[in-house]
Amino acid sequence: HILSNKVQHRSIFRPDFNFEELGIGGLSQEFSNIFRRAFAARTFPPHVVRDLGITHVRGMLLHGPPGTGKTLIARQLAKFLKAAEPKIVNGPEILNKYVGQAEENIRNLFADAEKEYKLQGEQSQLHVVIFDEIDSICKSRGSTRDGTGVHDSIVNQLLSKIDGVDSLNNILLIGMTNRMDLIDEALLRPGRLEVHVEISLPDEAGRIEIFNIHTKTMREKDYLDASVSIPALAARTKNFSGAEIAGLIRSATSFAMNRKVNVNDLAKSKDMGEIKVTMEDFEDALLEVLPSFGQHTDEFKTCITHGITPYSADFEKILRNSTSLVDQVRCSENTPLLTVLLHGANGCGKSA
C-alpha cells in the first residue's frame, strides 16, 4: 500500500537529544523560546510547512551582557542538531585587507549549503553558521568612516544570502552580540535575524542551576564539603553572570587546593582524596570575585539614607528627566540602551 507520495522527513535533532545534558543553567525559558520560534517548524515534514504557507526561520540573534551564556547556547545547540558541522566564526575574522575578500568570506560560509540545496532541495540537511561579535562587522550602513565601505558590503552580502532572490531554506544563522544597538536594522527584520532572544543575568533559581552544573563532578567525587549550601551561595551572588559563577567556583577550589600545597616541597605528591572545598572557601572567593554588572540594592540604600530632597527647580528637572529616561528603557522595545553622564562635585548627590 502506498500511504503517501511525500518524501520521508528527516529529523533535525539527534535521537539522544536531552536538554539537561546541554549544561545550560538558568536559561530554560530562553531555550524554550528559541525552540518554539526557530526549530518547531523544522520538526514537521516540508509539505506541512508549505501547506501552512510559512517559511522557516533563517536567523536569530542572541543578545545580552558578556558571560551570560550566548556562545554556550549556540555551540550546544549546534552539537545536538542532526545537521552539517556548524561553522563558527568570530566577527573580526571575516575582515580582510584585500578588496572584496571579506565579501567572499561571507559567500564561502554559505557555499556548502547552496551546493547541497541545489542537489537535494528540501531534503538537504540544516547548515548552521554561528557569528560571535556580529556587531563588529554588521554595523548600521553609513555609520563607519573607514572610506572603504567594507562593512556596508558585508551587510548587503549577508542580506542577499538569508533573504535575497536565491535565499536558502536549509540555513540557520545565529548571531551573538552585547551591543544590539550597533547592528544594522535591516538585518533585524522578519526573514533575516528575526528571532531576538535576550540572554540576561540569571535570577536566583537560575544561579542555583548554574552552581549545581559546575559543582556536579566535585560533588560526585566527594570533594565538596557538606557545609557548602548552594541556595545560600545563589542568594549571595546577585548580578553574577554564569561565567562569573564559574570563576567563583574556580577561586573557591584554588583556596581548598592551596591548603594541601607544601611551599617547601612543591614536588611532593599530594593526597587528592583529602581535598575538601568548604563554605569558608566560597566565603573567601566571594571577596575575590566580584560581579561586573550592577550593584546590590543594599549598597544603593546607603546613598539615600535620608531620602532625596529637591532643593531647586534645576534639581527637580534632572530628577524628572532621569526617571523618564529609565522608564523609556524599561518600557520601550525600541530603546534597548541609553547612556547618561551625571557630573558634579563630591557629595552633591550623583549616586543618590
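The values are calculated or read from the model by the stated rules, or taken from the named source; none is laboratory data. Remember, predicted model here, so these are calculated numbers, not experimental data. Methodologically, a virtual Cβ is constructed for each residue, glycine included, from the backbone with ideal geometry; neighbour enumeration extends over all protein chains shown.
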Leading residue by the ranking (farthest from residue 64 (Cα to Cα)) among those in segment 243-266 that are at pLDDT 90 or above and of a type outside the set (A, V, I, L, M): 255
Filtered residues of segment 39-60 (kept if in contact with a helix residue (DSSP H, G or I) (Cβ under 7 Å, 6 or more places away or on another chain) and either outside any helix (DSSP H, G or I) or of a type in the set (A, V, I, L, M) (or both)): 41, 49, 54, 56, 57, 58, 59, 60
Unmet criterion (only one of (1) out of contact with any helix residue (DSSP H, G or I) (no Cβ under 9 Å at 6 or more places or on another chain); (2) over 25 Å from residue 241 (Cα atoms); (3) in a helix (DSSP H, G or I)) for residue 33: (2)
Cβ pairs under 8 Å, 6+ apart, first in segment 54-67 and outside the structural domain of residue 243 (by the TED database), second polar (S, T, N, Q) and buried (at least 21 other Cβ atoms within 10 Å of the Cβ): 61/177; 62/177; 63/177; 65/241; 66/241; 67/241
First in segment 217-228 and surrounded by fewer than 12 Cβ atoms within 10 Å (Cβ to Cβ), second anywhere and not in a loop (DSSP other than H, G, I, E, B), Cβ under 9 Å, 6 or more apart: 222/273
Output for segment 267-289, where each listed residue is exposed (fewer than 12 other Cβ atoms within 10 Å of the Cβ) and either aliphatic (A, V, I, L, M) or at pLDDT 80 or above (or both): 267, 272, 287
Single residue of segment 61-89 satisfying the filter (assigned to a loop (DSSP other than H, G, I, E, B) and of a type outside the set (Gly, Ala, Ser)) that is surrounded by the most Cβ atoms within 10 Å (Cβ to Cβ): 68
Residue match in segment 206-214 (condition: among the aliphatic types (A, V, I, L, M), farther than 29 Å from residue 86 by Cβ and part of a loop (DSSP other than H, G, I, E, B)): no
